[in-house]
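Below is one structure; the comments refer to it alone.
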Amino acid sequence: MSRLRKVVLRAGLRGGLTGVLALALVVGPLAVGALPQSFEDEVANLKSPTPKTRQQAARALGQSRRAAAVAPLSALVRDPDPDVRLEVVLALRELRDLSAVPALVTSLQDGDPKVREQAIGALVEMYSERERSGAVARFLQSFSDEFTRPSVPPYTTVDPAVFQGLAGTLRDEETHLRAESAQAIGILGGTSVASDLVMALQDPEADVRGAAATALVKVGTAEDGKALIPLLADESSQVRNRAIEAIGILRVREAGPALRELYEQHKRRALGTRVLSAMSLTGDPSQADLYRELLGSTDPERRRLAVEGLARISDPATLPGFKKDFQREGNTDVQLAYNFAIALLGDRAFIDSIVLNLSASGRRGERMRDYLVELGPSFTEDLYPYLGDQDAGVRAALADVLAEFGDPAAIDRLTPLLNDPNSEVADSANRAIQRLQRVARATSLDQ
């Protein structure tokens, strides 16, 4: 039996002051030793001559979640002990306060690669409002590939110093940190350093080139995308695939001939379809002959891409043929591609089937949303009547589309949906209205 248990039993048997004093003699010193440090004590411990004490204090202050801890922690980003500096960055990450950004930017230049990596992850988490539960590399990789645009909330402005710092770590001696820096720039929307990503496309390491290609999709332009064309011949299949996708999304018309060559080399393989998908987005008129040829393909996926490719070339002479072929087409996805093509070429009545398929499951519904976003704000008035459609999925998806258009004039039309009997519709309308209100406020500030 332990000493403490014996004392407690004797105290219970004897009662009175003697037992209580005996218990206090044993428990008292233990309790005093277990008392937690106050916030002020932990701040004071940051100046301890003992590195372990400073490290423990930094951890405790991070767990405090008090904004007042940012300033004393930031003073330690140049601590001589790397373990202390690492704990400081982790603590600032826990605090999630934007006043910690300058300290984290400083830590991007730290002499310890572990500190630099945690600083990259902390900056992404802080601005993107997403938390990670594992390694920085896995978090950035999955987060980076999830979206084709930056992931910073519309009302958030990233400190320009963050992008300058990340541009610096794009040249880090550690390969994985260069790749993570590229991913972070894409996630945070670093358009100001897109030229640095273009330079990173020539990095000797495939992981860095691939990450830079994916990031460029989010922050670059079609002009920036021209630098992706040489990667279509990259020795790494991963880099090549990312370049193909990026070229399509950025609509790099100049890539048409190189994509055509790659397609001809792989047209009987799955890679050929992937290349054709990117090519169809570029709007390159020199590929029209290929698209016309593929209209007769037995593969419905290639017929669909051929229809889309011809539509984006925007040749009005194709409209009569499209309407005839549309009536003969038996595959639903290809029919819907004709609807998109004919609407894009000017016949607005053909958006009906596109809108009514917004609630379709899987990739079809996503494609209909992409079609409407591509058709653009000029179709807004044509879409308003469908906000009263009997299909809740259509109503919810249209709210998302109108938010993408970014015209605050849609707020009045969306407001009634806040009382929609379907909670998903009401939530979609609320998000859309909040987003459009932010656009309106930003516009008013610019004027």
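Kindly list the number of the only condition in (1) more than 22 Å from THR148 (Cβ to Cβ); (2) crowded, with 16+ Cβ neighbours inside 10 Å; (3) among the hydrophobic types (A, V, I, L, M, F, W, C) that fails for LEU402.
So LEU402 meets the others, but not (1).
Looking at region 296-315, which of the residues that are assigned to a loop (DSSP other than H, G, I, E, B) and among the charged types (D, E, K, R) is farthest from the chain's Cα centre (by Cα)?
Taking region 296-315 first, the residues assigned to a loop (DSSP other than H, G, I, E, B) are 296-299, 314-315.
Next, from what is left, pick out any that are among the charged types (D, E, K, R): 299, 315.
Details: ASP299: 33, ASP315: 35 Å.
Filtering first and then ranking leaves ASP315.
This table checks each residue for (1) of a type in the set (A, V, I, L, M, F, W, C); (2) under 15 Å from GLY190 (Cβ atoms); (3) surrounded by 21 or more Cβ atoms within 10 Å (Cβ to Cβ); (4) without any contact (Cβ under 8 Å) to a residue 12 or more places away in the chain.
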| site | (1), (2), (3), (4) |
| --- | --- |
| GLN118 | no, no, yes, no |
| GLU131 | no, no, no, yes |
| SER151 | no, yes, no, no |
| PHE163 | yes, yes, yes, no |
| GLU174 | no, no, no, no |
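Tell me, which residue of region 117-170 that is of a type in the set (Ser, Thr, Tyr) and outside any loop (DSSP other than H, G, I, E, B) is nearest to the chain's Cα centre (by Cα)? Can you show your working first?
Here is the first cut: in region 117-170, the ones of a type in the set (Ser, Thr, Tyr) are 127-128, 133, 142, 144, 148, 151, 155-157, 169.
Imposing the further condition that a residue be outside any loop (DSSP other than H, G, I, E, B) reduces the set to 127-128, 142, 144, 169.
Details: TYR127: 11, SER128: 8, SER142: 9, SER144: 5, THR169: 20 Å.
Looking at the filtered set, the residue picked out is SER144.
Considering each of GLU424, GLU404 in turn, give the residue that is modelled with pLDDT under 95, among the acidic types (Asp, Glu) and in a helix (DSSP H, G or I).
On the way: GLU424 fails: modelled with pLDDT under 95.
Only one candidate passes the filter, namely GLU404.
Residues to consider are GLN327, GLN390; find the one that is of a type in the set (S, T, N, Q) and at pLDDT 95 or above. Don't jump to the end; show me each part of the working.
Working: GLN327 fails: at pLDDT 95 or above.
Only one candidate passes the filter, namely GLN390.
Would you mind telling me which numbered condition in (1) loosely packed, with under 13 Cβ neighbours inside 10 Å; (2) modelled with pLDDT of 75 or more; (3) among the aliphatic types (A, V, I, L, M) VAL32 fails?
(2)
Consider region 234-259. How many of its residues are closer than 15 Å to ASP145 by Cβ and among the charged types (D, E, K, R)? I'd like the intermediate steps shown before the answer.
Pass one, region 234-259, residues closer than 15 Å to ASP145 by Cβ: 238-239, 241-246, 249.
Subset that is among the charged types (D, E, K, R): 242, 245.
Looking only at that region, the number is 2.
Can you tell me which residue in region 171-216 is nearest to the chain's Cα centre (by Cα), limited to those that are among the charged types (D, E, K, R) and assigned to a helix (DSSP H, G or I)?
Filtering region 171-216 down to residues among the charged types (D, E, K, R) leaves 171-174, 178, 180, 196, 203, 205, 207, 209.
From the residues that got through so far, the ones that are assigned to a helix (DSSP H, G or I) too are 178, 180, 196, 207, 209.
On the way: ARG178: 18, GLU180: 13, ASP196: 19, ASP207: 18, ARG209: 18 Å.
Looking at the filtered set, the residue picked out is GLU180.
The values are calculated or read from the model by the stated rules, or taken from the named source; none is laboratory data. Nothing here was measured: the structure is a model prediction, and the numbers come from that model. Cβ coordinates were reconstructed from backbone atoms using ideal geometry, including for glycine residues, and neighbour counts include every protein chain displayed.
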